[in-house]
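J.: One structure, as structure tokens, below. Some questions next.
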Amino acid sequence: MTHEPRAALPGKKGDRLAGKVAVVTGIAAGIGKGVALMFAQQGAQVVGCDIDAAGARNTVDEAQAQGLALTSLHPLDLTEPAAVQRLMDETAKLHGGIDIVVNAAAFGAFKWLEEMDYEMDWRKTLVGEIDIVFLACKAAWPHLKRRGGGSVINFASANARMALPLSPALAHCAGKGAVLAMSRQLAMEGSAHGIRVNTISPALVETAATRHPLDHIEGFREHVLAKFMVKRLGQPADIGWLAIYLASDESTWVTAADFNIDGGATAW
Ligand SMILES: NC(=O)c1ccc[n+]([C@@H]2O[C@H](COP(=O)([O-])OP(=O)(O)OC[C@H]3O[C@@H](n4cnc5c(N)ncnc54)[C@H](O)[C@@H]3O)[C@@H](O)[C@H]2O)c1
């Protein structure tokens, strides 16, 4: 048995999401990029977006080189209600509806309580982690209803349940705890319309967002690895395989659930 990640596969390799239209936020980097490419590899029509236009364009280029159906609106600031509405409306207009929404984009400031500025760090993180999910769900909701249902995937975090030594994650813990709680409520509100809502709670996945602490906080990498039963860091593809399952019709009985995908970190 190997604990190596099953890599994302180049090119279109499956049909688990064939015929589905997916909006994936935050496709310029990390998990959102991985999910967007893997969804397209499974036959979904993917519309991405990011505030980082160069990164998003790069992801679209990668998709095109693989012959995948992935377009993107960028730069697009998901904290702007009108921009989010445009993303959902244009996607529905272009592809006839929306079946899947993956809210991978997020912004979080990582500072200790005493260094945390109320406006620039605390409030910006709550907007970047909570409002960003609220606005996308609200704008997509009528389109999902019109389709007779769909799947929303939000990102909570191991940090919604657990403090990690050496990580100044106060605002992030609050933001992700909120995403976890609001996703259960959204699942209840969506149930009458066939809309399923689940959360994925990763522990540390190697992305642009985690590179700084991994490379610069002394002892951080060792602390993180010590928490894992599987002794390696998470990779976007680890998350992508779960997201494919939650987005597909393989999971039609699954809603209001949270999935720890964390190498065992939160189990002991
Ligand atoms: N990487 C981890 O270890 C980890 C662990 C737990 C949870 N998560 C969550 O998973 C999700 C993806 O994480 P990641 O590590 O890939 O993040 P990341 O920072 O690498 O990528 C996030 C993307 O969102 C975009 N973005 C941020 N604010 C935006 C805005 N206002 N409008 C549009 N785009 C915006 C960024 O430009 C970036 O491309 C996030 O919700 C994150 O909190 C990540």
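The values are calculated or read from the model by the stated rules, or taken from the named source; none is laboratory data. What you see is a predicted model; the values in this text were computed from it and never measured. Here the Cβ is made from the backbone with ideal geometry for all residues, glycine too, and neighbour counts use every protein chain on show.
J.: Here is a list of conditions, (1) touching a residue at least 60 places away in the same chain (Cβ under 8 Å); (2) within 16 Å of the ligand (Cβ to nearest atom); (3) not hydrophobic (A, V, I, L, M, F, W, C), and Lys20 meets all of them except one; can you say which number that is?
T.: That leaves (2) as the condition not met.
J.: Specify the residue that is farthest from Ala82 (Cα to Cα); the eligible residues are those in region 129-159 that are outside any loop (DSSP other than H, G, I, E, B) and of a type in the set (S, T, N, Q).
T.: Among those that are outside any loop (DSSP other than H, G, I, E, B) and of a type in the set (S, T, N, Q), it is Asn159.
J.: Moving to a separate point now. Please enumerate the residues belonging to region 194-244 that are over 22 Å from Ala140 (Cβ atoms), more than 15 Å from the chain's Cα centre (by Cα) and aliphatic (A, V, I, L, M).
T.: Leu214, Ile217, Val224, Leu225, Ala226, Met229, Val230, Leu233
J.: If you don't mind, there's one more thing I want to ask. Would you please list the contacts, defined by Cβ atoms under 6 Å and residues six or more apart or on different chains, that run from a residue in region 38-54 that is touching a residue at least 40 places away in the same chain (Cβ under 8 Å) to a residue that is more than 13 Å from the ligand (Cβ to nearest atom) and in a strand (DSSP E or B)?
T.: Going by the 6 Å Cβ cut-off, the qualifying pairs are Phe39/Ala22; Phe39/Val46; Ala44/Ala22; Gln45/Val21; Val47/Thr71.
J.: State whether one or more residues within region 91-104 are touching a helix residue (DSSP H, G or I) at 6+ places or on another chain (Cβ under 8 Å), more than 30 Å from Leu164 (Cα to Cα), away from the ligand (no atom under 16 Å from the Cβ) and part of a helix (DSSP H, G or I).
T.: Looking for residues that are touching a helix residue (DSSP H, G or I) at 6+ places or on another chain (Cβ under 8 Å), more than 30 Å from Leu164 (Cα to Cα), away from the ligand (no atom under 16 Å from the Cβ) and part of a helix (DSSP H, G or I), one finds at least one in region 91-104, hence yes.
J.: May I ask you to say which residue of Leu87, Leu78, Leu126 is at pLDDT 95 or above and part of a loop (DSSP other than H, G, I, E, B)?
T.: Step by step, each of Leu87, Leu78, Leu126 is checked, and only Leu78 is at pLDDT 95 or above and part of a loop (DSSP other than H, G, I, E, B).
J.: Within region 194-222, how many residues turn out to be over 18 Å from Gly108 (Cβ atoms) and out of contact with any Gly (no Cβ under 6 Å at 6 or more places or on another chain)?
T.: Count: 6.
J.: Moving on to the next point. Which one is surrounded by the most Cβ atoms within 10 Å (Cβ to Cβ), of the residues in region 186-244 that are without any contact (Cβ under 8 Å) to a residue 24 or more places away in the chain and either small (Gly, Ala, Ser) or in contact with a Ser or Thr (Cβ under 7 Å, 6 or more places away or on another chain) (or both)?
T.: Here the residue is Ala226.
J.: Here's another thing I want to ask about it. When you go through (1) within 14 Å of the ligand (Cβ to nearest atom); (2) surrounded by fewer than 16 Cβ atoms within 10 Å (Cβ to Cβ) one by one for Ala65, which number turns out not to apply?
T.: The failed condition is (1).
J.: Would you point out the residue of region 150-173, among those that are of a type in the set (Gly, Ala, Ser) and within 12 Å of the ligand (Cβ to nearest atom), that is nearest to Gly96 (Cα to Cα)?
T.: Ala156
J.: Now for a different question. Which members of region 18-41 meet the condition of being crowded, with 24+ Cβ neighbours inside 10 Å and either in a loop (DSSP other than H, G, I, E, B) or modelled with pLDDT under 95 (or both)?
T.: Hits for region 18-41 are Gly26, Ile27, Ala28.
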